[in-house]
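For reference, the structure is listed below as structure tokens.
The values are calculated or read from the model by the stated rules, or taken from the named source; none is laboratory data. What you see is a predicted model, and the numbers here were worked out from it, not measured in a lab. Counting neighbours? That spans all protein chains shown, and the Cβs are built from the backbone with ideal geometry, glycine included. These accessible areas exclude ligands, DNA and RNA; they are computed on the full protein's heavy atoms, side chains included. Shrake-Rupley method; radii C 1.70, N 1.55, O 1.52, S 1.80 Å.
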Amino acid sequence: MLSSQQKLFEIFKKSGLSLSKFANILGKDRRTLANWIENEHSKELDLKTKEKICEFFRYPLQIWDNDEEISFYTLLNNAKNEEFKIIEGYEEGLKYIFENENEGSLILHPSFPNPAYRDFIVSSVYHNIDSKEAKIYRQKRGEKMRAYSFAASEWYSIKALLEFCFSPIGNFYTKEQKLAILELMIRTFKDNLNKTLYFFDSYAQKIYGLDMFYLSINIKRNSMFFKAPLEMFLVEIQNSTLVHKIHHHYTNAKKCPAHIEPKDACFIMELLEFCLKENLSLVQTCDLIDEKSSYGKLFKKTLSFSS
């Protein structure tokens, strides 16, 4: 019969995580966890710790029952993970994104820019919703995403980029903030082979454009999460078929939407920066992009004129 410490050690081995990461999941320091694992005479694990392990790794709570060893290993190796997990709450959502949006992520954005860049320039966008913990995780997430070595692919529609620059509807950015955000993203992505930035045509299939929501895919973990249409309500999905289908669509050259080549993305942002400084209109900006690059047609598709 296995003790709770022995079961903990087996779960730790199966997780493949470092001692520090595993300890962080439990809200313990590394030394405490090491003591639990190495000391066979430690007292029984408390219920809260057991529940945290089961919640994170999605094991049934019965895995801690003092049954035969064979029952434990059956649950350890064959327990069916739930495919859906809900993360609710502002601080909880920020913490989850910081911990789970890791290197190699493919991120689809419904609006421009990524909060990791926005929050560096603009204070909290929420009315009367903030906390010390939220500020810490916003800062940590921003530093992580903006780090030169952090590898990720980010997708924005050309429509979202132009709305950020020119739309008067729901656009709280000042001209100075827009320029600062564009400059920050140019510095972050320019000549950085670790990061890729895509601006794509969202009007390729439907005349009113593609419906978008925040979606982050981690192909290494066969998982993804998206923001539901509720404030700070995240849904994690672990369905390898669905994850691979969406990931393949945005990484396969024959299937992904028409887009600006990543090597030209910073040049386009530099053109937009110039147009904002010169107070050019949306139409004048699209004309300049058409003149200076081969992407004018993609930008002009977003325009509509009343007859």
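If you roll a 1.4 Å probe over the chain with all protein chains in place, what percent of the accessible area is carbon or sulfur? Heavy-atom surface of the chain belonging to carbon and sulfur, 1.4 Å probe: 52 percent. Treating region 1-45 as a set of equal point scatterers at the Cα positions, no solvent, please give the Debye-formula log₁₀ I(q)/I(0) at q = 0.20, 0.22 Å⁻¹. The computed values of log10 I(q)/I(0) come out as -0.58, -0.70.
Relative to the longest principal Cα axis of the chain, at what angle does helix 175-189 sit, 0 to 90 degrees, rounded to 10? Roughly 60 degrees, rounded to the nearest 10. With all distinct Cα pairs included, what does the Kirkwood hydrodynamic radius of region 159-241 come out to in Å, to one decimal, could you say? By the Kirkwood definition, the hydrodynamic radius is 15.9 Å. A 1.4 Å probe run over the chain, with the rest of the protein chains in place, finds 56 Å² accessible per residue. For the pair F233 and N279, a Förster radius of 30 Å applied to the C-beta separation gives a FRET efficiency near 0.15, rounded to the nearest 0.05.
Most tightly packed first, judged by the mean number of other beta-carbon atoms within 10 Å of their residues, the peptides 273-283, 93-103 read 93-103, 273-283. Given the -39500 (n - 2.57) contribution per DSSP H run of 4+ residues, what per-residue ellipticity at 222 nm results for the chain, rounded to the nearest 500 deg cm²/dmol? One gets -15000 deg cm²/dmol as the mean residue ellipticity at 222 nm.
Binning the alpha carbon pair distances of region 229-307 at 10 angstrom intervals from zero yields the distribution 14, 31, 24, 25, 6, expressed in whole percent.
Using the Kirkwood formula over every pair of different C-alpha atoms, what hydrodynamic radius in Å results for the chain?
By the Kirkwood definition, the hydrodynamic radius is 22.1 Å.
Estimated at the nearest 10 Å², the accessible area of R30 is 130 Å² with a 1.4 Å probe. Using the Cβ-Cβ distance between D65 and F226 with R0 set to 22 Å, the FRET efficiency from 1/(1 + (r/R0)^6) comes to roughly 0.05. Counting 0.36 nm for each residue step from K140 to N192 and taking away their Cα separation leaves a gain of 16.7 nm. Starting from the Cα of T251, move 7 Å in the Cα-to-Cβ direction to define the label point; list residues of region 105-124 whose amide nitrogen is under 17 Å from there. Residues 105-109 fall inside that zone. A straight chain from T241 to R31 at 0.36 nm per residue would run longer than the Cα-Cα distance by 71.7 nm. When only Cα pairs below 8 angstrom with a gap of at least 6 residues are kept, the chain shows a relative contact order of 17 percent. Stretched out straight at 0.36 nm per residue, the stretch from E176 to D130 would grow longer than its current Cα-Cα span by 14.1 nm.
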